[in-house]
Amino acid sequence: MASETLAIRDVDAYYGDSHVLHGIGFALQPGRLLGLLGRNGVGKTTCMATIMGFLRPRRGTISLFGENVAGLAPETIARKGICLVPQGRRVFRSLTVRENLMVAAQTRRDSAKPWSLDRVFALFPRLQERHAQMAGSLSGGEQQMLAIGRALMGNPRVLLMDEPSEGLAPQLVAEVGRTIAQLKAEGLSIVLVEQNIKLTLDLADDIVIVNTGVVVFTGTAAETKANDAAIAQHLGIF
Amino acid sequence: MQFWIIQTLNSVAFGGLLFLLSSGFSLAFGLMRIPNLAHGGFFMLGAYLGATIVSVGGNFWVAVLGAGLGVGLIGILFERLILRRLAGNVQGQVLVTLGVSFIIADLCLMIWTGDPWTLPAPSELRPPIRLGGFAFPTFRLVVLGIALVVAAALYVLMDRTRLGAMIRAGVDDMEMARGVGIPVSLLFTVVFSLGALLAGLGGTLGAPMLNAYPGLDADMLPLALIVVILGGAGSLLGAFVGSFAVGFLYNFGIALFPDLAYFILFLPMVLVLVFRPQGLFGRVAS
Ligand SMILES: Nc1ncnc2c1ncn2[C@@H]1O[C@H](COP(=O)(O)OP(=O)(O)OP(=O)(O)O)[C@@H](O)[C@H]1O
Ligand SMILES: [Mg+2]
């Protein structure tokens with residue numbers, strides 16, 4: 001059990017009285033990339049928010065290397081190594097690029113090759129060029145790089161990425177895809193939430209499809225590609 | 001001519017005092033999303049504490065420091081023991097600050113009675129400075145100087161340190177700030193007690209001009225609110241510009257149109273609320 005990097009089990013989450021997640025569950029294995037797919041409004045972001053502690057699950061467990069983190073404060077969860085690239089990027093607009101990265105820096109004893117400002121700048125040279133610029137004045141693509149860099153500064157043991165390709169031009173989507181592939185190649189365990197099915201099927205090892213707050217399909221990327229019916233039924237395309 | 005120069009100087013000196021009052025108030029408002037309605041009480045408490053320290057033979061500057069530290073300590077206790085327990089309940093927090101403001105007012109009345117306490121400026125600062133045929137009140141210039149030094153220090157803290165960047169991140173997007181591991185509860189304590197400390201200092205520094213009297217709290221709180229609404233909650237630059245703007249409106253309003261003073265004071269606030277609700281230097285809430 002504890003070999004799983006992140007395991008979500010039977011999680012129920014609500015916004016006030018509105019019941020959004022109905023016993024959701026999936027597991028991320030070390031070094032793998034899990035693609036979380038689903039139509040608009042089925043609860044993918046809510047699921048990320050619940051893992052991150054933004055939303056308290058009313059039921060279920062969220063375990064990080066076997067330790068239940070459900071119900072902990074977001075800052076505690078972040079310090080345990082779950083780092084989020086949020087939907088809509090949510091960079092700190094009135095901080096410079098460099099400050100955005102610095103405020104998110106965390107050291108972790110067990111990270112062999114820790115992330116630093118220099119490493120993030122090496123990954124995204126564009127950010128280095130703009131290091132003194134206010135994050136709010138960056139382009140969408142640059143903000144996405146910053147959001148990814150900011151999450152990396154936390155030295156993630158699990159990286160959650162919520163629609164990193166949303167609203168980007170095709171060549172930038174491809175660039176984000178290459179970055180994700182590179183992070184995965186370095187051994188990072190990643191949950192990738194996406195609407196871009198092709199991108200996800202190309203990058204992911206495992207696929208989970210969510211519909212209205214429940215998991216309706218779990219399988220490897222290869223199985224998913226072969227299963228047109230599941231894709232057509234739950235994602236409504238092809 | 002003397003009238004204009006003196007009124008201008010009074011306005012900037014009062015603006016400096018307002019900056020001491022409202023800079024911390026604004027930062028806490030921006031970060032914690034609640035107006036601390038006991039902030040006027042903190043200022044009044046600072047004035048009484050300072051006057052008391054001087055009345056038992058303390059040096060004026062010791063009194064300023066003592067009042068700042070004393071009120072700062074009260075701020076820490078208030079945040080840690082009361083506000084913290086109501087985390088997430090904004091309405092409850094605001095009501096509690098209102099309740100504490102009443103408690104402070106009543107305690108002050110009990111301890112220091114209903115008669116005003118005067119606090120003379122330190123004797124070495126009483127003779128006016130003469131420049132170009134005009135006499136400038138030395139003490140007010142010193143208060144202005146202290147406010148400018150505090151402004152510079154706050155600027156360095158907020159703009160040049162990691163702690164300041166974390167505070168600004170929390171003002172920008174509290175949830176995301178927590179999500180990247182920023183210990184916001186510690187920031188709350190720091191910012192809230194810093195605001196209390198500055199209000200306490202300001203209370204003593206202001207006492208030679210304003211005295212300490214029952215109702216000083218209720219006189220000052222609206223001014224801090226106007227500053228923050230003009231400048232934008234959480235913006236240091238906004239608090240700076242807003243303080244001096246209010247300093248001028250208040251002094252010249254009272255001197256030139258005493259019947260309309262409050263109208264002149266509140267009109268810009270209403271206009272800002274209608275046309276730019278985030279304040280002149282505030283950010284649009286996301
Ligand atoms: N803060 C909120 N308060 C109340 N309801 C919300 C809130 N955020 C989302 N919801 C609702 O919860 C449901 C799930 O939303 P969620 O954002 O998790 O979907 P999603 O799968 O991420 O969608 P998308 O692909 O559009 O990002 C939706 O019906 C949405 O309207
Ligand atoms: Mg979403």
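Considering the protein assembly as shown, its Cα convex hull presents a mean projected area of 28.5 nm². Overall, chain B carries a charge dipole of about 540 debye about its Cα centre when +1 sits on the Cβ of Lys and Arg and -1 on the Cβ of Asp and Glu, all other atoms neutral. By the beta-carbon count within 10 Å of each Cβ, the least crowded to most crowded order of A:Asp118, A:Asp12, B:Asp219, B:Asp172, fewest first, is A:Asp118, B:Asp219, A:Asp12, B:Asp172. Remark: mean inter-chain Cβ contacts per residue of B:183-193 equal 1, using a 10 Å Cβ-Cβ cutoff to other protein chain atoms.
Calculated translational diffusion coefficient of chain A (10 °C, 1.306 mPa s; Stokes-Einstein with Kirkwood radius over alpha-carbon pairs) equals 88 µm²/s. Of the residues B:Ser23, B:Ser55, B:Ser243, the one that moves most in a GNM of chain B with alpha-carbon contacts below 10 Å is B:Ser55. Can you compute the modelled spin-label distance between B:Ile103 and B:Asp259, with each label point 7 Å from Cα toward Cβ, in nm? According to this spin-label approximation, the distance is 4.4 nm. Measuring spread by the Cα atoms of chain B yields a radius of gyration and Dmax of 18.5, 60 Å. Peptides A:214-226, A:87-99 ranked from most to least packed, by the mean per-residue count of other Cβ atoms within 10 Å: A:87-99, A:214-226. Each 10 Å bin, from zero up to the one with the longest distance, holds this percent of the alpha carbon pairs of region A:73-116: 23, 51, 25, 1. When each of the peptides B:94-105, B:26-37 is scored by how many other beta carbons lie within 10 Å of its residues on average, the order from highest to lowest is B:26-37, B:94-105. The mean number of partner chain beta-carbon atoms within 10 angstrom of a residue's beta-carbon across peptide B:165-172 is 6. If only the Cβ of Lys and Arg carry +1 and only the Cβ of Asp and Glu carry -1, the dipole of chain A around its Cα centre is close to 540 debye.
Residue by residue along A:75-82, Cβ atoms of other protein chains within 10 Å of the local Cβ number 4 on average. Under a model in which nothing but the beta-carbon of Lys, Arg (+1) and Asp, Glu (-1) is charged, region B:145-260 shows a dipole of about 360 debye around its Cα centre.
What number, rounded to the nearest 500 deg cm²/dmol, is the helix-based mean residue ellipticity at 222 nm of chain B, given -39500 (n - 2.57) per DSSP H run of at least four residues and division by all its residues? One gets -25000 deg cm²/dmol as the mean residue ellipticity at 222 nm. Computed packing ranks the peptides A:110-117, B:139-146, B:67-74 as B:67-74, B:139-146, A:110-117, most packed first, by mean other Cβ atoms within 10 Å.
Radius of gyration (Cα atoms) of region B:1-148, expressed as a multiple of 2.2 N^0.38 Å: 1.22.
Note on B:Thr113, A:Thr46, B:Thr204, A:Thr61: ascending count of other Cβ atoms within 10 Å places them as B:Thr113, A:Thr61, A:Thr46, B:Thr204, the fewest first. Listing A:Val191, B:Val62 from fewest to most neighbouring C-beta atoms within 10 Å gives B:Val62, A:Val191. Straight-line reach from A:Lys44: taking Cα to Cα under 19 Å and skipping same-chain neighbours fewer than 8 places apart, the aspartates and glutamates in range are A:Asp10, A:Asp12, A:Asp17, A:Asp162, A:Glu163, A:Glu166, A:Glu194, A:Asp205, A:Asp206, B:Glu175.
Only the coordinates and a few stated rules stand behind these numbers; no lab work does. For clarity, every value in this text was computed on a predicted model and none was experimentally measured. Note that each Cβ is placed from the backbone with ideal geometry, even for glycine, and that neighbours are counted across all protein chains shown.
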